[in-house]
Amino acid sequence: MEEKIYSIDPATEELARKAANEGIETLWDRKKAMKTPCGFGEQGLCCRICAMGPCRISPTKDKGAQKGICGATADVIIARNLARMIAGGTATHSDHGRDIAHVLHMAKRDGNYKITDEKKLLNLAKEWEVEIENRDIYDIAHEVAEIALKEFGKPFGTLRFLERAPEQRKSVWEKNDIRTGAIDKEIATIMHSTHIGCAADAKDLIHKGMRTSLADGWGGSMIGTEFSDILFGMPVPRETEANLGVLEEDQVNIIVHGHEPSLSEMMVLAAEDPELLQLVEEVGAKGINLSGMCCTSNEVAMRHGVKIAGNLNQQELAVFTGAVEAIIVDVQCIFPALAPLTKCYHTKFITTSPKAKITGATHMEFEEGKALQSAKEIVREAILNFKNRDAKKVFIPKAKSPAVVGYSVEAIKKQLDKVVNSQIDEGGTLKPLADCITSGVIRGAAGVVGCNNPKVKHDYGHVELMKELIKNDVIVVTTGCAAQAAAKAGLMSKEARKLAGKGLAKVCELVDIPPVLHMGSCVDISRILVLVSELAKLLKVDISDLPVVGAAPEWMSEKAIAIGTYVVTSGIDTWLGVVPPVTGSDLVVDILTNKAKDIVGAKFHVEPDPHKAAQQMIERIEEKRETLGLAA
Ligand code: SF4
Ligand code: MSK
């Protein structure tokens with residue numbers, strides 16, 4: 001059989017090859033056109049922070065420039081660049097969180113945005129000591145939203161959600177001065193400290209990066225997750241399908257792509273509008289087929305079962321099927337390549353956010369004040385475009401897999417209740433999971449998250465790593481494009497229990513879950529933080545003591561760097577499958593992959609081979625079990 005070169009996913013492989021044969025450019029062609037990547041950039045040895053430069057440091061010690069014009073060493077330049085990447089990622093997730101907080105602030109009983117999960121809102125109000133007695137639920141919501149918005153710029157104090165961590169973790173942060181203040185302040189401080197002629201101490205810059213990263217996971221991302229649940233509903237297990245085979249030949253195919261659920265939720269509603277469905281009939285289509293790509297897909301799959309068209313590397317291929325009437329985007333992970341590509345097809349490429357206008361796209365601004373109206377206008381455009389489809393160009397691959405998605409922490413607890421003896425134990429906790437871990441039936445847990453990256457065969461890193469982990473009785477929780485890789489590979493179906501080790505398979509059967517749990521979008525990694533915090537509290541240990549590990553096998557974005565850093569800073573060892581641009585500094589590499597452990601009890605590991613990474617992760621889990629005195 002011919003070797004697969006692009007992807008382990010049959011739909012991607014089929015379309016990528018077809019595109020290559022037909023001379024249609026994709027990310028893999030542009031990757032090839034880059035030829036050998038810049039050696040300075042790969043190692044992080046270039047600086048363009050000021051106009052005295054750009055400066056490049058020779059990778060060979062004692063030969064060539066060893067300092068920038070200002071005197072910055074390789075250590076300083078690399079730590080500065082890394083800190084800026086963390087700030088970039090934190091800003092991106094947090095601005096998403098801020099937008100959702102604004103949406104909650106504008107929610108009203110007769111508006112487009114309503115409160116769906118009152119219980120979650122009331123719990124949060126109590127957590128934040130907001131008065132709830134004899135108050136209208138919308139007044140409470142507005143006050144909670146205002147408090148969240150103040151988390152971005154409050155002049156004093158630390159982030160409220162940090163209090164959700166176990167005491168031991170909070171002490172680690174306190175002792176090391178990593179307790180994060182206002183979200184925007186942390187990001188601004190990094191930008192300030194990394195300006196020409198400011199901080200020049202690599203260790204301190206990484207320390208600042210760690211503190212800022214907590215403003216992502218325990219700040220902006222957690223606000224995004226909590227408020228999305230309050231507004232749009234708590235995810236619960238739902239069946240869906242994943243891969244480009246979800247596109248329908250006889251329907252109007254609309255793909256939502258990007259991140260924020262405020263747009264995609266309205267698209268779900270608009271696609272059910274009777275007037276628009278009438279228009280669908282008039283144009284000769286059999287219906288509207290809404291599907292998603294990247295994290296916005298995870299959001300609507302978790303809450304409505306909307307089908308998953310694919311992950312990051314598949315966005316161009318979706319257009320290449322010739323069957324997509326519109327690809328509607330908001331923010332993040334949207335390839336500008338979609339603009340010229342959609343010109344070769346009938347597909348409308350519609351941008352909606354003032355934060356992400358793209359030359360060559362049609363911009364239809366999504367106005368949250370008249371959200372449903374805006375969504376309907378966008379859907380109407382897509383329907384009217386059906387008649388422009390060229391049947392000769394249509395090629396929809398067959399591949400798609402069934403998946404069960406929607407495992408919020410609350411949903412996991414509900415599943416676990418299936419094995420709770422209500423005579424003895426209270427339900428609604430993670431205790432059954434903790435018991436499975438302590439008894440050794442499940443050896444531990446792994447969070448596998450992150451993007452696709454053409455440096456790795458598409459989905460290979462995610463899927464191979466997850467398969468190896470579940471085979472060894474390590475339960476996997478996943479988000480983002482990694483989750484979509486798992487869904488496409490069938491790892492989120494009940495059938496996947498067959499691939500799990502004996503102990504994990506038994507647990508999956510008893511509590512009726514797949515061995516790989518879809519926990520949502522990238523901001524939903526905050527759910528994983530809540531999960532490990534609750535587990536640690538149950539076992540009366542720090543997060544860093546738990547037999548849990550993290551991995552980002554195909555990461556690519558600044559957001560992923562911020563995530564990796566907050567996961568490590570929260571006490572979880574994290575494996576990266578793609579080498580970050582830091583190898584030009586022995587000092588920075590040593591801090592990240594060694595000394596970080598002395599500060600926060602966890603560190604980064606870099607291992608591109610997913611099988612080797614899995615073995616290392618399992619060894620780490622076993623080491624932690626031994627230290628905790630858990631069953632061998
Ligand atoms: Fe060069 Fe220093 Fe300016 Fe960077 S900050 S470009 S190293 S002079
Ligand atoms: S969408 S950040 S490629 S996971 Fe969240 Fe996927 Fe990474 Fe974007």
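Across region 493-579, the fraction of Cα-Cα pairs farther apart than 15 Å, rounded to a whole number, is 66%.
Model label sites at GLU622 and HIS192, defined 7 Å from Cα along the beta-carbon direction, differ in position by 4.9 nm. Scalar couplings 3J(HN,Hα) for region 139-155, obtained by applying the Karplus form with A = 6.51, B = -1.76, C = 1.60 to θ = phi - 60°, are 5, 4, 4, 5, 5, 4, 4, 5, 4, 4, 5, 6, 4, 6, x, 5, x Hz; x denotes Gly and Pro. Largest accessible area first, the residues ASP473, ASP201 order themselves as ASP201, ASP473 under a 1.4 Å probe with ligands, DNA and RNA left out.
Counting only Cα atoms, the size of region 74-232 along its three principal axes is 58, 33, 23 Å, in decreasing order. Note: relative contact order over region 244-393, using C-alpha pairs below 8 Å and six or more positions apart, is 28 percent.
How much accessible area per residue does the chain have, in Å², with a 1.4 Å probe? Present the calculation step by step, with values, prior to reporting the outcome.
Working: 24600 Å² over 632 residues.
I get 39 Å² per residue for the chain.
The string of couplings for region 482-488 from the Karplus curve (6.51, -1.76, 1.60, θ = phi - 60°) is 5, 4, 5, 4, 5, 4, 5 Hz, one whole number per residue in order, with x for Gly and Pro. If both residues of a DSSP beta bridge must be in the chain, then about 15% of such bridges are antiparallel. By a 1.4 Å probe calculation restricted to protein chains, HIS195 has an accessible surface near 100 Å², given to the nearest 10. A straight chain from GLU42 to CYS344 at 0.36 nm per residue would run longer than the Cα-Cα distance by 105.3 nm. When ARG109, ARG620 are compared by accessible area at a 1.4 angstrom probe, the order from most to least is ARG109, ARG620.
Rolling a 1.4 Å probe over the protein heavy atoms leaves LYS119 with an accessible area of roughly 150 Å². Using the Cα coordinates of the chain, the gyration tensor eigenvalues translate into equivalent-ellipsoid semi-axes of 35, 31, 27 Å, sorted from longest to shortest.
A convex hull fitted to the Cα coordinates of region 403-628 yields 104 cubic angstrom per residue. Normalised by the number of residues in the chain, the average gap of Cα pairs under 8 Å and 6 or more apart makes the relative contact order 17 percent.
Quick one: if you take sqrt(5λ) for each eigenvalue of the C-alpha gyration tensor of region 548-596, what semi-axes come out, biggest first, whole angstrom? Kindly include the intermediate steps, with their values, before the conclusion.
Values: eigenvalues 53, 40, 17 Å².
Working through the eigenvalues yields semi-axes of 16, 14, 9 Å.
Stretching the chain fully between THR362 and ILE5 yields a gain of 125.2 nm (0.36 nm per residue, less the alpha carbon separation). Give me the log10 of I(q) over I(0) for region 244-393 at q = 0.10, 0.18, 0.21 Å⁻¹, as the Debye formula computes it from C-alpha points; what are the numbers? The Cα Debye sum returns log10 ratios of -0.28, -1.00, -1.43. Shown in residue order for region 104-117 are the 3J(HN,Hα) couplings computed by the Karplus curve 6.51 cos²θ - 1.76 cosθ + 1.60 at θ = phi - 60°: 5, 5, 9, 4, 8, 3, 9, x, 6, 9, 10, 8, 9, 10 Hz (x for Gly and Pro).
If I stretch the segment between LYS150 and LYS494 completely, what's the gain in nm (0.36 nm per residue apart, minus their alpha carbon distance), one decimal?
The LYS150-LYS494 span can extend by a further 119.5 nm.
As a test of understanding, state the convex hull volume per residue of region 316-366 from its alpha carbons, in Å³. Numbers along the way, then the final one.
On the way: hull volume 3.2 nm³, N = 51.
Each residue corresponds to 63 Å³ of Cα convex hull volume.
Note on region 403-628: with neighbouring protein chains present and a 1.4 Å probe, carbon and sulfur make up 53 percent of its accessible heavy-atom surface. Note on region 559-610 and region 257-326: Cα centroid distance 36 Å, given to the nearest whole angstrom.
For region 431-536, list log₁₀ I(q)/I(0) at each q in 0.10, 0.21, 0.22, 0.24 Å⁻¹, using the Debye formula over Cα point scatterers of equal strength and ignoring solvent, two decimals each. Listed by q, the Debye log ratios stand at -0.25, -1.10, -1.18, -1.34.
Rounded to the nearest 500, the 222 nm mean residue ellipticity of the chain from helices alone is -14000 deg cm²/dmol, with -39,500 (n - 2.57) taken per DSSP H run of at least 4 residues.
For ILE525, ILE49, write out the residues from largest to smallest accessible area, computed with a 1.4 angstrom probe and no ligands counted. Mind dumping the intermediate values first?
Numbers: ILE525 5, ILE49 45 Å².
In descending accessible area the options line up as ILE49, ILE525.
Please give me the summed charge of the neighbours of VAL419: other residues whose Cβ is under 11 Å from its Cβ, Lys and Arg +1, Asp and Glu -1. Net charge around VAL419: -2.
The values are calculated or read from the model by the stated rules, or taken from the named source; none is laboratory data. What you see is a predicted model, and the numbers here were worked out from it, not measured in a lab. With ideal geometry, Cβ positions are generated from the backbone for all residues, glycine too; neighbour counts draw on all protein chains shown. Protein only, heavy atoms only, side chains kept; ligands, DNA and RNA dropped before computing areas. Shrake-Rupley method; radii C 1.70, N 1.55, O 1.52, S 1.80 Å.
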